[in-house]
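What follows is calculated from the coordinates using simple rules that are stated; it is not laboratory data. What you see is a predicted model; the values in this text were computed from it and never measured. Note that we place each Cβ from the backbone using ideal geometry, even for glycine, and neighbour counts take in every protein chain shown.
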């Protein structure tokens, strides 16, 4: 008789994009068995489910934990607790902390912090700015184990900005030589300079100033510039937090032409539009902004057409006092890890999304992009036994005060969602139950491209 350390039965397991009634066996932290539910699988521990859905542990390739430099906003301990509560078992953390991860010395400093404090498995980005282009630091960071790079074409938050297109082109060339992907915040800084001043003159401190200060043309122009650079350099590129249907269309055309480019969309931009955020106020503002309702529906249409390639939370908490400033001074970003999966489950309940699409966009593809698949992002035999058990029909109301994140606010606060997270497991060990994190700091392992 086969045996395992843990057996999970009675649920529907997402495997190769389909929900299947299988028993999952876990031995030594990896998936060792996938057998029909009526197969006798002996195990030291059993988890008997009642029709719940078992998804691969989510892989979030876009999170900001603010450590070092901004720990009052979010530290590694609280950020990874939020991830575990939200069903995310692997994160790839962004590099725009103080100091930013521009060289291997700074990478080693961050690796030590994560080794001591992370509750879940992690990988790290390298940063790109004019300080390290042409220095050899980009190739050194790749050799040291970062899974991707990140740069910004526009001011958002943090010390990174690459608004010189000549230097940006050189950066793309250097990243291409590493074979790793480059994530880019694509907004045109020159347009933002113009529209920010216009917004201040026309709207003053009204919340309308925020939306008019970062119009769609700032994104679409920047995306077109990026696609031209990708065409010349061949750099695998992710357009981070894409917000406009027009930008997605340009990416889709580029992919048809063979360019290695991917569009990432956040659950936040799929749920909220400008009208809703005007009512919520500055606590709900992020960059690039959410657009109008017609554009939000168009994002869903592109997602269903497989023209959205990745989902990332863009988890980016700030102090509440920084959010409560005038719209043009409010810090952009918010806690997202504990609402990302639930908002996607709610979309499944309303027929806008499937469980297979959640697994593809928020687990498998990010894992592949960062060189972590099939160890992460799947529940096939031999994969790490990272999984999240969800109750798709359970209704609940978001309470930001109960977040594991240090950020106790959210545009989702008070919103009723259908679909809740029951349990999160890493390598077969329970790390969160009913969105309360159980695992201690220092349990996460660092991941590098395989």
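Overview of results
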read-out	value
Length released on extending from residue 320 to residue 436, taking residue separation times 0.36 nm less the Cα-Cα span	39.5 nm
Acute angle (nearest 10 degrees) that the helix 216-233 long axis makes with the longest principal axis of the chain, alpha-carbon atoms	80 degrees
Tilt relative to the chain, helix 293-304 - C-alpha long axis, 0 to 90 degrees, to 10	50 degrees
Kirkwood-based Rg to Rh ratio, the chain, C-alpha trace	0.96
Sequence of 94, 162 once ranked by neighbouring C-beta atoms within 10 Å, starting from the fewest	162, 94
Burial ordering of 264, 93, 111, fewest other beta-carbon atoms within 10 Å first	111, 264, 93
Label-point separation, residue 249 to residue 115 (7 Å along Cα→Cβ), nm	5.1 nm
All-pairs alpha carbon distance profile, region 72-226, 5 Å steps from 0, percent	2, 9, 16, 17, 16, 14, 13, 9, 4, 1
Max mean-square fluctuation residue, GNM over the chain, Cα-Cα springs under 10 Å, options 294, 140, 186	294
Order of 410, 397 under a 10 Å beta carbon neighbour criterion, fewest first	397, 410
Average Cα contact separation per residue, the chain, under 8 Å, 6 or more apart, as relative contact order %	22 percent
Cα gyration tensor shape for region 249-332, rounded if a/c is under 1.5, else prolate or oblate	prolate
FRET efficiency, residue 416 to residue 108 (Cβ-Cβ, R0 45 Å, nearest 0.05)	0.50
Set of region 104-124 residues, backbone N closer than 19 Å to the point 7 Å along the Cα-Cβ line of residue 44	none
Highest-fluctuation residue, 318, 241, 203 considered, GNM on the chain with Cα pairs under 10 Å	203
Within a Gaussian network of the chain (alpha carbon springs, distance under 10 Å), most fluctuating of 61, 86, 11	11
Segment residue 300-residue 205, length gained on full extension (0.36 nm per residue, minus Cα span)	31.0 nm
FRET E, pair residue 293, residue 28, Förster distance 51 Å, beta-carbon r, rounded to 0.05	0.55
Helix axis angle, 340-349 relative to the chain longest principal axis, alpha carbon, degrees	70 degrees
log₁₀ of I(q)/I(0) at q = 0.09, 0.21, 0.22 Å⁻¹ - region 1-123, Debye sum with one point per alpha carbon	-0.37, -1.06, -1.13
Value of [θ]222 nm, deg cm²/dmol, for the chain, DSSP H segments ≥ 4, -39500 (n - 2.57) each, nearest 500	-9500 deg cm²/dmol
Förster radius 25 Å - calculated FRET efficiency between residue 354 and residue 36, Cβ distance, rounded to 0.05	0.60
